[in-house]
Amino acid sequence: MIIKQARFSRIKFGTGYLAFERNYKHMKHLIIPIFIMLVLAGCAVGPKYSRPETLETRTPEEYFQATENPDSITNLAWWEVYEDTVLQSLIQYAVDSNLNLLTAVARVEEAQAILGYNKANMGPAFGVSGAARASDFRERATEADVAFNTNSYSVLGNVSWEIDIWGKLRHANRAAYAELLASEENRKSIYISLISQVAELYFNLRGLDDRLRITQRTYETRLEYLRIINLRFEKGEVSELDKLQAEQIAADAKAQLYSLERATIFVENAINILVGKPYSPIVRGLRNEQQQLPLDIPSGLPSELLERRPDIVGAEQLLVAQTERIGMAVAMRFPTLSLTGFLGVASPDISKLFVPNAVLGSISGQLAAPVFQFGQNKRRVEAERARAKQYAFQYEQTVLEAFAEVENSLAEIRTFTNEYEARQTQVAATEKSLMLSKALYDNGYTSFLQVLDAERELYYSEFEKSLALENQLTSSVRLYKALGGGW
């Protein structure tokens, strides 16, 4: 087909064609249809997001385990309360190098790219094409009526645009944005969890160091018992039973040393994984009893938790995104309107390619609607609604678990604080009991078994005191995590 001059353009609507003479004055007739299309583009269908009504019944007015002064949560850099520079450096190293956190950051970047992709779908797509053809037909071929112009050249710009009448593209855009927010909240959750894990493991490590010190001292004391009992046994002053009992408790303390050493290596390995490096001994800072515990930790109100905890906010954003997908599915049941067109120049002579009468152009609109697909479109909407119910239930489950974690953490702080005070009293009493038992044994008023019992009680009470202090520290970390990264 030979294109000599662009004399007309055609508008295609559905399967019909309207031809009109190409005249710039007539372009004003396109204003009204385009205006109507843009007005229709505001007719979005589908549900609007609202929080589940049952969420109100699952949100308590206050925390049952809270102290008398549950002030609003602050953004305190909580690890600075402990004033342990080694702990602070470990946390910073983990934040910079942890592979799970870096993966979460990459997921946020992916979500940002997807959001940009969906935004691009909202506008028209532009393209350009160029073509050139050169042919040579001899005289006989021309006489056979199969020849066509030997040369043709064209440069065309084209455009295509789906008019978002029912909001399908807008729903997709909002869903992508909600997923971006959810991925960012997931990153925050991993960040908070990472800090909590490092702090808990660090306090666990210092607790193991403390219990290793207690066990080492106990082992040395029991070895001294064994040495004295052996001397007395050789002199016939004590029975073999006393000797065997001394050997037993010494071996028990030695075995406990190996158990604590093994646990220490495991904890060091866990910390090294969090900071993204192979095994190496962890530098120690303050001992657990040197850590400065915050005196009063305000818990805030439960309603604040809905906006503060990243996992709650992220779960809600996933529900928002799924609600928008319902709108997308509903919009797919309605007709779609798309515009396509091109504008350019064409000529059989390249030297006349850009003359005024070489201009050609066309614009067409197409309206396509589903008619009968055996209920496929309806089922698609039902499936998206069912998924939305799942996300809603997961959201409410996340809220319930969050409230439970705060209550548990508040209870842990209160009870471990009281337990630690009780353990201190226990240690003081068992120390005095051991001293008196030794004096009675040395003067022949009691058996060596009573000394052993008193010594075991002292070791047990010191061990439990160390655990109570470690748990008191880690419970404050768990509350930081439960409150969404601060207090």
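If you take the residues of region 221-259 that are outside any helix (DSSP H, G or I) and of a type in the set (Gly, Ala, Ser), which of them is nearest to residue 208 (Cα to Cα)?
So the first thing to find is which residues in region 221-259 are outside any helix (DSSP H, G or I), and the list is 235-239.
Cutting the leftovers down to of a type in the set (Gly, Ala, Ser) gives us 236, 239.
Numbers: 236: 40, 239: 37 Å.
Checked region 221-259; the qualifying residue nearest to residue 208 (Cα to Cα) is 239.
Could you give every pair whose Cβ atoms fall below 9 Å, whose first residue belongs to region 368-382 and is farther than 19 Å from residue 162 by Cβ and touching a residue at least 24 places away in the same chain (Cβ under 8 Å), and whose second residue is in a helix (DSSP H, G or I) and of a type outside the set (S, T, N, Q), counting only separations of at least 6 or pairs across chains?
Within 9 Å, the pairs are 381/326; 381/329; 381/330.
Tell me, yes or no, whether region 401-418 has at least one residue that is out of contact with any Asp or Glu (no Cβ under 9 Å at 6 or more places or on another chain) and farther than 30 Å from residue 293 by Cβ.
No, there is no match, as no residue in region 401-418 is out of contact with any Asp or Glu (no Cβ under 9 Å at 6 or more places or on another chain) and farther than 30 Å from residue 293 by Cβ.
Checking the structure you have, find out if any residue of region 236-257 is within 30 Å of residue 85 (Cα to Cα), at pLDDT 90 or above and not charged (D, E, K, R). Before you say what the answer is, go through the steps one by one.
We begin by selecting, within region 236-257, every residue within 30 Å of residue 85 (Cα to Cα); these are 257.
Now drop any that are not at pLDDT 90 or above, which leaves 257.
Filter once more, so that each one left must be not charged (D, E, K, R): 257.
Yes, region 236-257 has at least one match.
Tell me which of these residue 264 doesn't satisfy, since it passes every other one: (1) under 31 Å from the mean Cα position of the chain (by Cα); (2) part of a loop (DSSP other than H, G, I, E, B).
(2)
Quick one: which residue in 383, 392, 402 is in contact with a helix residue (DSSP H, G or I) (Cβ under 8 Å, 6 or more places away or on another chain), within 21 Å of residue 319 (Cα to Cα) and surrounded by fewer than 16 Cβ atoms within 10 Å (Cβ to Cβ)? Give the steps one after another, and end with the answer.
Details: 392 fails: surrounded by fewer than 16 Cβ atoms within 10 Å (Cβ to Cβ); 402 fails: surrounded by fewer than 16 Cβ atoms within 10 Å (Cβ to Cβ).
When all the criteria are applied, what remains is 383.
What residue, among those in region 46-61 that are part of a helix (DSSP H, G or I) and touching a Leu at 6+ places or on another chain (Cβ under 9 Å), is modelled with the highest pLDDT? I'd like the intermediate steps shown before the answer.
Start the filter on region 46-61 by keeping residues that are part of a helix (DSSP H, G or I), which leaves 53-58.
Imposing the further condition that a residue be touching a Leu at 6+ places or on another chain (Cβ under 9 Å) reduces the set to 55, 58.
Details: 55: 70, 58: 66.
Filtering region 46-61 for residues that are part of a helix (DSSP H, G or I) and touching a Leu at 6+ places or on another chain (Cβ under 9 Å), the one modelled with the highest pLDDT comes out as 55.
Give 415, 430 a once-over and let me know the one that is touching a residue at least 12 places away in the same chain (Cβ under 8 Å) and farther than 30 Å from residue 172 by Cα. Give the steps one after another, and end with the answer.
Details: 415 fails: touching a residue at least 12 places away in the same chain (Cβ under 8 Å).
Sole residue among the options that is touching a residue at least 12 places away in the same chain (Cβ under 8 Å) and farther than 30 Å from residue 172 by Cα: 430.
Would you call residue 427 assigned to a helix (DSSP H, G or I) and closer than 30 Å to residue 314 by Cβ? Before you say what the answer is, go through the steps one by one.
Numbers: assigned to a helix (DSSP H, G or I): yes; closer than 30 Å to residue 314 by Cβ: no.
Judged against the criteria, residue 427 is not a match.
Could you check, for region 153-176, whether at least one of its residues is closer than 30 Å to residue 334 by Cβ, modelled with pLDDT under 90 and among the aromatic types (Phe, Trp, Tyr)?
Yes.
Listed residues 268, 200; which is acidic (Asp, Glu), touching a residue at least 40 places away in the same chain (Cβ under 8 Å) and under 30 Å from residue 317 (Cβ atoms)?
Within the list 268, 200, the selection yields 200.
The values are calculated or read from the model by the stated rules, or taken from the named source; none is laboratory data. Remember, predicted model here, so these are calculated numbers, not experimental data. No Cβ is skipped: glycine too gets one built from the backbone with ideal geometry, and neighbour counts run over all protein chains shown.
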